[in-house]
Amino acid sequence: MSIPSNFPTRRHLLGAAAALPLLSFGAVLRAAEPDLSALSDITGAARPIDAAERAARLTRAQAMMKAAGIGAVLLEPGSSMIYFTGVRWGRSERLTAAILPVEGEPCIVTPFFEEPSVRETLAVPAEVRVWQEDQNPLAVVAGVLRDRKLAGRPVAVEETVRFFAADGLTRALPGVTIVSANPVVRGCRMIKTPAEIALMQIATDVTLAAYHWTKPRVETGMTGAEIGALMTAATRKLGGAPEFALALIGEASAYPHGSREVHRVADGQVVLMDCGCTVQGYQSDISRSWVHGAASADQRKTWDQVARGQQVAFAAARIGATAGSVDDAVRRHYETLGYGPGYALPGLSHRTGHGIGMDGHEPVNLVRGETTRLAAGMCFSDEPGIYNPGRYGIRIEDCFHMTDAGPRWFSTPPQSIDAPLG
């Protein structure tokens with residue numbers, strides 16, 4: 001699910017709700033410590049990405065770099081650095097960076113006193129160069145490029161690298177050409193291997209199992225924070241690392257990322273949950289919607305329309321089709337039902353889906369105008385919700401991965417509001 005730039009992230013939304021006054025804090029604590037004895041870790045089959053796969057990633061990236069005339073790729077800590085090197089580190093004013101050269105081993109540049117810690121997760125053969133507190137780390141990066149005889153070639157900067165790093169490199173290496181690393185980094189990361197897809201499947205299995213445990217425990221009077229705490233506890237007991245557990249009740253479900261108002265479960269109210277976890281670095285993302293008690297005819301109709309919208313998107317996701325055409329297909333269908341037009345409400349106010357993998361949201365999106373063509377190994381969410389402001393919203397979200405024969409679900413979508421988990 002996409003998050004507007006002016007809205008708190010889903011991970012923080014639950015915390016923001018929990019911080020509101022008089023939010024039944026004692027009940028939240030009780031929900032956070034439920035009886036989980038019926039659950040056990042189901043992630044035993046999860047296999048970490050191995051050395052052979054990491055070596056293949058570097059080989060693939062270097063082939064792309066060579067074809068594009070790129071001398072090196074510059075990364076900062078985050079999922080791309082983990083993807084290529086295994087190094088798990090945080091970003092601060094002290095630069096730690098990875099340099100992927102067009103030939104040879106990567107190089108990690110990090111503060112001198114951080115080197116032992118950085119090496120703890122380094123998973124590939126690599127040079128490590130350090131800088132002292134009174135040195136310029138970008139001068140060290142420039143030195144690596146000079147020593148590798150790459151100073152005269154373009155340096156591709158990963159899209160999340162901060163300005164000070166890219167700008168500092170241009171000052172430390174005058175005349176260097178900075179280009180986007182998207183063709184290389186996206187070119188590798190968008191196409192998931194069987195090992196990556198297997199981890200995403202296990203993460204999905206954890207989230208589904210947590211849903212099946214949580215839903216029967218949703219009671220009248222609960223808040224979204226209390227429901228989310230149940231889901232988080234179940235996810236952790238099942239072996240997943242919780243990423244988000246958003247529960248929107250009643251009118252809050254009409255707003256894709258909810259409301260700061262506290263809503264409580266009541267008969268006839270929609271409960272919309274959007275939850276995901278990580279297993280060995282790979283994520284799940286599943287949304288389910290149901291009505292507490294008896295659903296009205298209107299709620300049933302909207303639920304069925306969203307379920308059909310999901311299938312329209314799935315049918316449009318074909319090898320060679322543009323990512324934008326999937327969104328177009330859903331939006332055309334919804335307009336025949338009287339929604340929209342386009343992103344107007346009532347209707348589908350956000351993109352149909354997003355890429356997913358190591359990050360919950362990755363390039364590219366199933367959104368109008370996206371020209372990237374679908375290929376085997378790409379993974380997406382499929383979540384064409386329908387939202388009626390002031391009333392309620394319905395979102396059903398399942399992820400799929402592309403195969404040579406077309407899309408394949410990670411989780412099977414539910415078929416009825418009476419069995420909303422599938």
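Against the definition (among the basic types (Lys, Arg) and exposed (fewer than 15 other Cβ atoms within 10 Å of the Cβ)), how does Arg408 come out, yes or no? Yes, satisfied.
Out of Arg162, Arg148, report the one residue that is open to solvent by 20 Å² or more (accessible area, probe 1.4 Å), in contact (Cβ under 8 Å) with a residue 60 or more places away in the chain and either farther than 16 Å from Leu75 by Cα or in contact with a Lys or Arg (Cβ under 7 Å, 6 or more places away or on another chain) (or both). Break it down into steps so the answer makes sense when it comes.
Working: Arg162 fails: either farther than 16 Å from Leu75 by Cα or in contact with a Lys or Arg (Cβ under 7 Å, 6 or more places away or on another chain) (or both).
Selected residue: Arg148, the only one of Arg162, Arg148 that is open to solvent by 20 Å² or more (accessible area, probe 1.4 Å), in contact (Cβ under 8 Å) with a residue 60 or more places away in the chain and either farther than 16 Å from Leu75 by Cα or in contact with a Lys or Arg (Cβ under 7 Å, 6 or more places away or on another chain) (or both).
What are the residues in the stretch 26-55 that are part of a helix (DSSP H, G or I), open to solvent by 40 Å² or more (accessible area, probe 1.4 Å) and at pLDDT 95 or above, if any? Talk me through it step by step, then tell me what you get.
Step one: of the stretch 26-55, the residues part of a helix (DSSP H, G or I) are 26-32, 51-55.
Those left that are additionally open to solvent by 40 Å² or more (accessible area, probe 1.4 Å): 29-30, 32, 51-52, 55.
Selection gives Ala51, Ala52, Ala55.
Of the residues that sit in the stretch 332-355 and are under 27 Å from the mean Cα position of the chain (by Cα) and of a type in the set (A, V, I, L, M), which one is most open to solvent (accessible area, probe 1.4 Å)?
That would be Leu345.
Condition check: out of contact with any Asp or Glu (no Cβ under 9 Å at 6 or more places or on another chain) and crowded, with 23+ Cβ neighbours inside 10 Å. Does Met378 satisfy that? Before the answer, list the steps.
On the way: out of contact with any Asp or Glu (no Cβ under 9 Å at 6 or more places or on another chain): yes; crowded, with 23+ Cβ neighbours inside 10 Å: yes.
Yes: the conditions hold for Met378.
Of all residues in the stretch 62-91, those that are closer than 18 Å to Ile191 by Cα and among the β-branched types (Val, Ile, Thr) have Cβ atoms under 8 Å from Cβ atoms of residues that are part of a helix (DSSP H, G or I) and open to solvent by 10 Å² or more (accessible area, probe 1.4 Å), 6 or more apart or on another chain, in Thr85/Arg54. With respect to Leu100, determine if the residue is closer than 21 Å to Pro154 by Cβ and either open to solvent by 10 Å² or more (accessible area, probe 1.4 Å) or within 23 Å of the chain's Cα centre (by Cα) (or both). For Leu100, the condition - closer than 21 Å to Pro154 by Cβ and either open to solvent by 10 Å² or more (accessible area, probe 1.4 Å) or within 23 Å of the chain's Cα centre (by Cα) (or both) - is not met.
Aliphatic (A, V, I, L, M), free of Cβ contacts under 8 Å to residues at least 40 places away in the same chain and within 27 Å of Tyr282 (Cβ to Cβ): does that describe Ala405? In short, yes. When Ile82, Ile70 are checked against the criterion of being over 15 Å from Val141 (Cβ atoms) and in contact with a helix residue (DSSP H, G or I) (Cβ under 9 Å, 6 or more places away or on another chain), a single residue qualifies: Ile70.
The values are calculated or read from the model by the stated rules, or taken from the named source; none is laboratory data. Keep in mind the model is a prediction, meaning the values are calculated, not measured. Ideal geometry is used to build each Cβ from the backbone, glycine not excepted, and the neighbour counts take in all protein chains shown. What goes into the accessible areas is simple: the full protein's heavy atoms, side chains included, and nothing from ligands, DNA or RNA. Shrake-Rupley method; radii C 1.70, N 1.55, O 1.52, S 1.80 Å.
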